[in-house]
Amino acid sequence: MAFMITLSPSPSSLSSSTALLSPSLTSLARTLPLRFRTSTSRTSIKQWRPLSVSASASVSSALEALIFDCDGVILESEHLHRQAYNDAFAHFNVRCSGSPEPLNWGLEFYDELQNTIGGGKTKIRWYFKEHGWPSSTIFETPPEDDENRAKLIDILQDWKTERYKEIIKSGTVEPRPGVLRLMDEAKAAGKKLAVCSAATKSSVILCLENLIGLERFRGLDCFLAGDDVKLKKPDPSIYLTAAEMLGLSGKGCIVVEDSVIGLQAATSAGMSCVITYTSSTADQDFKEAIAIYPDLSNVRLKDLEQLLQETVTTK
């Protein structure tokens with residue numbers, strides 16, 4: 001089986017301005033098929049509405065599967081991941097460019113980073129390539145060969161993952177509004193249900209077990225994590241693999257995502273995508289989504305069926 005999970009900050013936490021991309025991230029963004037709406041205010045995002053649906057459009061069984069991302073969708077996880085990374089950097093005294101203090105990723109920087117690069121190890125590797133390989137208690141001097149650099153990344157990511165699990169197990173984290181109800185509606189209606197996340201499998205399993213419960217987790221028709229595919233979002237591999245496992249074409253699937261990276265992965269796999277944005281993704285360009293919501297609290301299965309039917313009939 002394969003599964004996915006996503007966390008998202010609450011609408012109330014949205015700031016009034018868009019964080020500017022750092023020069024290095026701006027350079028990276030130009031090399032990826034991402035689109036950022038740096039001039040769009042979060043207020044205007046809130047005013048966006050789903051595609052209108054004709055009252056005469058019949059709701060068919062076109063919707064066959066509902067696929068959720070995990071971080072940002074099922075739960076608000078960005079700040080939890082950032083905390084776990086910074087705890088790992090402090091634990092191993094990771095210092096870049098001779099800095100006397102351990103590396104610490106700030107809020108605005110991490111928002112940009114996690115919305116530009118998918119996958120934990122990929123984030124760490126990119127950062128060190130851009131800012132210099134660090135000294136640490138793992139390697140007293142910065143590693144110079146590929147083997148030791150890979151070892152450094154593996155150790156940091158593994159420790160970070162365990163720290164993240166501790167946070168999830170603390171009982172202070174809850175699923176985003178409407179997620180559990182929508183999952184239950186889909187299962188009750190006989191739709192297939194999947195989770196596809198770029199995070200490590202162990203952390204996704206922990207999140208799902210603690211946030212959606214063992215019964216829902218075991219009832220998933222497909223569960224895929226970052227470990228299950230070679231290429232991360234925005235590459236469509238994870239969604240193409242999910243469709244194959246579900247025995248469906250992309251046309252019968254709706255993906256629930258929170259970022260443009262996930263949106264592009266879904267649409268590149270031939271799937272329709274709805275967005276439940278977070279404070280760190282609210283200003284991104286979601287024009288390819290069939291609907292945009294602050295959360296799923298007022299979204300019903302019948303709404304998604306109608307949206308997909310409308311999408312199919314207008315193509």
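Pop out the carbon and sulfur fraction of the accessible area of segment 83-152 as a percent, whole number, probe 1.4 Å.
44 percent
Output the Cα-based Rg and Dmax of segment 92-180 in Å, rounding Rg to one decimal and Dmax to a whole number.
Radius of gyration, then largest Cα-Cα span, for segment 92-180: 15.2, 49 Å.
Quantify how much of the Cα-Cα distance distribution of segment 142-189 extends past 14 Å, in percent.
For segment 142-189, the share of Cα pairs beyond 14 Å comes to 70 percent.
In the calculated pair distance distribution of segment 123-230, what percentage of Cα-Cα distances lie above 24 Å? Let's see the in-between values first.
Numbers: 2435 of 5778 pairs.
The answer is 42 percent, as a whole percent.
Projecting each Cα onto the charge dipole of segment 132-205 (Lys/Arg +1, Asp/Glu -1 at the beta carbon, about the Cα centre), which of S136, V173, L156 comes out farthest on the positive side?
Value: V173.
Of the cross-linked pairs K160/K201; K121/K251; K160/K232; K121/K192; K201/K230, which ones have a Cα-Cα span greater than 24 Å in the structure shown?
K121/K251; K121/K192
What accessible area per residue comes out for segment 102-193, rounded to a whole number of Å², with a 1.4 Å probe?
With the other protein chains kept in place, segment 102-193 gives 49 Å² per residue.
Keeping every protein chain present and rolling a 1.4 Å probe, give me the accessible area per residue for segment 216-315 in Å². Before the final figure, lay out the partial values.
On the way: 3630 Å² over 100 residues.
On a per-residue basis, segment 216-315 sits at 36 Å².
When you count, for each residue, the other Cβ atoms within 10 Å and take the mean per peptide, how do 147-158, 247-258, 72-83 rank with the highest first?
Numbers: 147-158: 16.2, 247-258: 22.2, 72-83: 24.3.
Ranked from most to least packed, the peptides come out as 72-83, 247-258, 147-158.
With a 1.4 Å probe and all protein chains left in place, how much of the accessible area of segment 205-315 comes from carbon and sulfur atoms, in whole percent?
47 percent
The values are calculated or read from the model by the stated rules, or taken from the named source; none is laboratory data. Keep in mind the model is a prediction, meaning the values are calculated, not measured. Cβ coordinates were reconstructed from backbone atoms using ideal geometry, including for glycine residues, and neighbour counts include every protein chain displayed. To get the accessible areas, we keep the full protein, side chains included, count just its heavy atoms, and leave off ligands, DNA and RNA. Shrake-Rupley method; radii C 1.70, N 1.55, O 1.52, S 1.80 Å.
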